[in-house]
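K.L.:
Mind having a look at this structure? Questions to follow.
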Amino acid sequence: MRLRASTGTMNSNTRTTAARTFLRSLNILLKFARLYGFAHLRTNAQFQTTWGELQTTLAMDSGAGFLLGVSGPKLLLDGVPVEGTPAERSFADLLGRAGLASIGFTSRVTTAEFTELVKAFALAGTKQGGLTAQLKEALGNDPNGGIRVNEIRFVAEDAANTRSGLAGQIAAQALATDAGPMREWLNDPQKLLQMIVAAEGVESGSGTAGAGSTAGNGPGAAAHGRGRESGAGAGGGVALEEDVANLVRLLSSIHHASRQPAGNLDPSALQHEFTGLPMNAQEMLRQALASLPAVASDGKTDGAALLKLAEHMAIRFALRRFERGEVKVNAVRQMLDRMGGEIEHLREILTAHEEKMSKSGILVESHADILDRQFWAAVPESGKRAVLLSTEAYCVPPRNVRQYVTQLVDQGRLSEAVSILTNYAGCVQNRDAEARRRAAIGLSELAELYAKTAQDLLSQALRLVGEQVAVEKDKELQTLLGAAFARLSQEASARRNFAAMREALESLARVEARKESLAESLRPRIGVENRLGEFMEEAMRGNCPAELMEVLRRVSRAAAEQAAARFSRSEKREECRRLTGLVQGIGAEAVAHLRRMLHERPAAEAASATGLLSVLDVPALEEELLERLAGWDRAYHDAVVRQIASAGAPERGRLLVILMDRLDPVVWSEVVDEIGMSGDAETARALLPLAQGEHPDAAGSYIQVKAIEALGRLRSGEAAGMLRKIVEKRCLFRWAHPNELRVVAAQAMLNIDPEWAASYLPKSGLGAEEMGLAPLDPQPNAAWLRQRRYARVQLPRTMSAVAETSHGEYKLATQLLSLGGGLATAESRLTPGVQASLKIQSGLRPLKARVLMRKAGPQHIGFEFVEMELEERARLRKLLAGLGKPSSIFNLSPVRPSPQAVA
């Protein structure tokens with residue numbers, strides 16, 4: 001099951017990468033189409049590339065496709081923000097200003113559909129009204145189409161009403177709740193512009209019908225003759241809309257005429273157009289023209305004044321219809337939609353400057369957005385609150401929800417803000433599919449608002465969306481809901497909202513029980529596993545919150561892998577202790593996964609699990625390593641030894657003794673050192689053959705030296721007799737053993753039998769300087785994992801050295817030296833762990849040794865001796881003794897091995 005989950009995660013990551021590649025290619029294709037035209041060779045070549053990448057991305061999915069969305073300035077890919085260039089951010093801004101929430105690509109997409117999409121973007125330029133119109137014309141509203149455009153809309157509508165503009169959908173449901181406060185709002189002179197008051201002349205008519213009009217009957221007669229049909233409630237019908245539309249057209253004609261040369265003016269044409277208006281429209285125009293000098297700041301009836309007048313008239317008349325009780329959705333929506341179209345036409349005539357901005361690539365706000373914003377600002381407080389707390393809250397554009405909720409929070413009305421956002425999230429479980437679709441789109445855009453408004457909001461929203469994802473049957477809605485779920489989860493991760501992250505993981509488990517493939521595609525997108533390293537660091541720094549521990553338990557396998565990787569990079573003992581405790585707190589599943597890693601994974605990954613397992617499950621570690629070490633390279637043997645040493649488990653000495661025969665002889669010196677540093681004297685018996693030079697696989701006499709030093713650290717009484725013989729034995733007129741071996745044995749006896757050492761060493765012929773460089777004893781409370789085995793000597797000047805590896809020779813400048821290794825700078829980079837032959841320039845001939853290179857910071861490289869002749873080590877000791885100033889001749893450490901280890 002773990003293999004399947006890992007494969008699913010890998011496939012999802014590959015799919016995300018492919019989708020982002022397609023996104024970049026699409027952006028390039030759109031630029032080429034605008035610059036060169038669609039028929040150009042470069043555009044055609046880029047089209048083929050982009051189409052191929054789209055097909056590759058779709059082929060990686062189970063058929064749900066993917067969603068390219070927008071949330072503010074961010075471009076979203078299946079709900080996950082894309083870290084893009086300014087070009088991608090400009091693309092996101094273009095979609096947002098056009099009122100497009102997302103574009104969905106499914107496996108049914110055809111070349112023709114994709115071609116139409118590209119042409120729509122190319123032809124529309126950056127004018128959002130043009131883009132929306134082009135996309136609708138090119139792609140239509142076929143629910144089975146391969147490309148689906150999701151538009152941000154305000155009120156619920158069926159397929160027959162999808163032609164209505166964005167601003168026209170604002171009216172009924174936002175306003176139909178409370179007429180009283182609206183009347184108060186309309187009567188507030190501070191909130192009404194002077195031009196609107198001037199335009200109200202139409203309301204004071206005598207009630208006579210204009211041309212082609214008849215007075216309405218019944219309650220609708222209050223409209224003073226503006227109805228074209230009889231019947232109750234019809235008095236404010238089409239005539240009012242026609243009057244406003246004709247007025248806007250006449251404003252366009254007036255402006256056009258004012259731009260003509262004096263000789264080309266045709267007053268009769270304007271007069272004919274004016275007299276063709278109904279009487280109500282004529283009166284409306286007179287009042288409007290009379291108000292222009294007061295409106296224009298410079299006394300000129302410029303284009304901006306005409307636009308402002310047209311906008312406010314459309315909004316004013318829409319509100320008047322509401323006041324008269326005409327609250328049907330279609331009536332108000334259709335009127336505003338029609339007025340918006342007429343005003344957009346007027347704007348095209350008046351705003352030559354905006355046309356230049358558009359052609360230059362600068363985004364210009366569409367008139368639908370302008371009407372939308374103005375209308376929402378005109379809605380009274382009670383109307384806004386009522387619609388946002390209703391079951392149709394999904395109808396409100398996300399930007400208006402954000403504006404209103406932010407205002408509530410700033411006023412300290414947090415409970416109301418929470419209620420509105422909770423209700424909005426609940427719309428994803430609406431029975432109507434269109435409602436669920438819009439709510440999912442809105443939640444993707446409002447995720448940041450949920451995260452910063454209240455701590456528990458994200459958890460509630462994730463629970464609601466997760467429940468719906470688990471039961472949703474529609475493929476397109478699954479994609480939209482999944483994107484919303486991923487976006488909310490990303491916000492929870494980014495803000496360290498561990499309770500919400502736990503809810504996201506619990507919801508994901510419910511989805512996995514019903515739709516495993518969908519859950520696998522969501523898992524890498526929710527932002528938990530890719531931030532797990534940060535969470536682990538936070539858990540290690542102090543008290544781990546209970547919610548964070550629950551999150552780690554939910555992703556126990558990923559947490560175990562992250563802990564193992566972090567353990568490999570640890571340098572301090574406290575870090576290792578906390579990591580070990582953290583894995584224990586996560587539970588048995590984490591330990592079991594570490595065992596699986598050791599058993600199934602390649603050597604590089606398996607080796608990273610050995611450190612934690614040496615503390616948490618020694619028997620399993622021993623069994624697996626005995627079986628697998630023979631098939632691993634020497635570099636992984638080295639990694640295993642260092643991991644076990646770093647963990648500092650009490651049983652590490654015994655474990656290393658058992659594994660020693662399976663390890664590469666190159667790492668034996670390190671193994672023997674660590675056995676001595678473990679403090680477990682029961683392991684001393686295994687070192688005796690090495691100390692006597694009897695082990696057949698020992699790499700020369702260097703391992704014998706290391707074994708003797710380890711016995712000294714362990715205070716092994718069993719080794720005392722053998723060590724005395726090495727120090728005392730003579731052959732005729734010379735000592736039987738090399739001087740370096742005698743020095744090491746004498747230093748060990750100082751720890752094992754100080755009385756004998758005090759009586760014999762003065763007559764042993766060994767110098768005080770030689771005896772001063774003794775091995776250091778372990779320090780259990782040391783902060784750093786890698787304890788010093790020997791005292792280091794700072795060289796008065798750097799010593800040149802050459803390291804020869806299988807890849808060539810590297811020049812080093814040695815700065816520090818000890819009997820165990822050194823620190824140097826290198827002219828070129830050396831790979832840590834590589835084996836090398838080292839020559840250090842000293843005197844007439846260089847010191848020679850085999851070393852393993854170690855990482856020692858960005859500017860330095862360390863090296864550790866693993867093989868050295870006794871004569872070379874004696875020369876090194878003499879060199880260090882002459883340069884260094886040891887603080888003590890003898891190493892009488894107070895640290896003793898464990899009591900049971902004393903012989």
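Readers should treat all values here as calculations from the given coordinates under stated rules, not as data from a laboratory. Every value quoted in this text rests on a predicted model; they were computed, and no experiment measured them. Here the Cβ is made from the backbone with ideal geometry for all residues, glycine too, and neighbour counts use every protein chain on show.
K.L.:
Counting Lys and Arg as +1 and Asp and Glu as -1, each charge on the Cβ, what is the dipole of the stretch 614-760 about the Cα centre in debye, to the nearest 20? Intermediate values should be presented prior to the final figure.
P.N.:
On the way: 16 positive and 23 negative charges, 169 e Å.
Using only the charged Cβ atoms, the result is roughly 820 debye.
K.L.:
Name the long-range amide H neighbours of residue 842: under 5 Å, sequence gap of 5 or more, or other chain; modelled H, no Pro or chain starts.
P.N.:
Distant-sequence amide H within range of residue 842: 847.
K.L.:
Starting with the highest mean, order 477-485, 773-781 by the number of other Cβ atoms within 10 Å, averaged over the residues of each peptide.
P.N.:
Packing order, densest peptide first, comes out as 477-485, 773-781.
K.L.:
If you stretched the chain out fully between residue 494 and residue 429, how much longer would it get, using 0.36 nm times the residue separation minus the C-alpha to C-alpha distance?
P.N.:
20.8 nm
K.L.:
Assuming 0.36 nm per residue, please report the length gained on full extension of the stretch residue 589 to residue 110 beyond their Cα-Cα distance.
P.N.:
167.8 nm
K.L.:
Would you mind getting me the FRET efficiency between residue 389 and residue 137? Use the beta-carbon distance for r and R0 = 45 Å, nearest 0.05.
P.N.:
For residue 389 and residue 137, the calculated efficiency is 0.75.
K.L.:
Translational diffusion coefficient of the stretch 678-787 at 37 °C, 0.692 mPa s, Stokes-Einstein with Kirkwood Rh over Cα pairs, in µm²/s as a whole number.
P.N.:
My calculation gives 226 µm²/s for D.
K.L.:
Sorted by mean Cβ packing within 10 Å, highest first, what order do the peptides 856-868, 624-636 take?
P.N.:
With the highest mean Cβ count within 10 Å placed first, the list reads 856-868, 624-636.
K.L.:
Hey, can you grab everything whose amide H is under 5 Å from the amide H of residue 70? Only 5+ residues off in sequence or another chain; H modelled, so Pro and N-termini drop out.
P.N.:
Distant-sequence amide H within range of residue 70: 76.
K.L.:
In terms of the ratio Rg/(2.2 N^0.38 Å) built on C-alpha atoms, what value belongs to the stretch 470-526? Each step should come with its number before you reach the end.
P.N.:
Working: Rg = 10.9 Å, N = 57, 2.2 N^0.38 = 10.2 Å.
With N residues counted in the stretch 470-526, Rg over 2.2 N^0.38 Å equals 1.07.
K.L.:
Label-point separation (nm) for residue 682 and residue 790, each offset 7 Å from Cα along Cα-to-Cβ?
P.N.:
Spacing of the two 7 Å Cα→Cβ label points: 3.2 nm.
K.L.:
If you wrap a convex hull around the Cα atoms of the stretch 614-740, how much volume per residue is inside, in Å³?
P.N.:
Dividing the Cα hull volume of the stretch 614-740 by its residues yields 98 Å³.
K.L.:
Can I ask one more? For the stretch 394-468, just say rounded, prolate or oblate: build the C-alpha gyration tensor, square-root its eigenvalues into a ≥ b ≥ c, call rounded for a/c under 1.5, and beyond that prolate if a/b exceeds b/c, oblate if not.
P.N.:
Note, shape of the stretch 394-468 comes out prolate.
K.L.:
Something else: At a Förster radius of 60 Å, what calculated FRET efficiency corresponds to the Cβ-Cβ distance of residue 550 and residue 382, to the nearest 0.05?
P.N.:
It comes to 0.90.
K.L.:
Taking 0.36 nm per intervening residue step and subtracting the Cα-Cα distance, what contour gain separates residue 473 from residue 694 on full extension? Working shown, then result.
P.N.:
Working: separation 221, 0.36 × 221 = 79.56 nm, distance 7.42 nm.
So the extension gain works out to 72.1 nm.
K.L.:
Can you work out the Karplus-derived ³J(HN,Hα) for every residue in the stretch 712-729? Use 6.51 cos²θ - 1.76 cosθ + 1.60 with θ = phi - 60°, whole Hz, and x for glycine or proline.
P.N.:
x, 5, 7, 6, 7, x, 4, 8, 4, x, 5, 6, 4, 4, 4, 6, 8, 5
K.L.:
To the nearest 20 debye, what is the magnitude of the charge dipole of the stretch 528-663 about its Cα centre, counting +1 on the Cβ of each Lys and Arg and -1 on the Cβ of each Asp and Glu?
P.N.:
Roughly 220 debye, rounded to the nearest 20.
K.L.:
Can you give the relative contact order of the stretch 793-883 as a percent, counting alpha carbon pairs under 8 Å and 6+ residues apart?
P.N.:
It comes to 25 percent, rounded to a whole number.
K.L.:
On to the next question. 7 Å from Cα along Cα→Cβ at both residue 734 and residue 844: what's the point-to-point distance in nm?
P.N.:
Output for this residue pair reads 1.8 nm.
K.L.:
As I understand it, the dipole of the stretch 678-787 uses +1 on the Cβ of Lys and Arg and -1 on the Cβ of Asp and Glu, about the Cα centre. Which of 722, 739, 781 lies farthest toward its positive end?
P.N.:
Value computed over the given set: 739.
K.L.:
Order these peptides, 735-743, 607-615, by their mean beta-carbon neighbour count within 10 angstrom, highest first.
P.N.:
So the order, starting with the most tightly packed, is 607-615, 735-743.
K.L.:
If r is the Cβ-Cβ distance from residue 829 to residue 14 and R0 is 25 Å, what FRET efficiency results, to the nearest 0.05? Please report the intermediate quantities before stating the final value.
P.N.:
Details: r = 31 Å, r/R0 = 1.24.
FRET efficiency, residue 829 to residue 14: 0.20.
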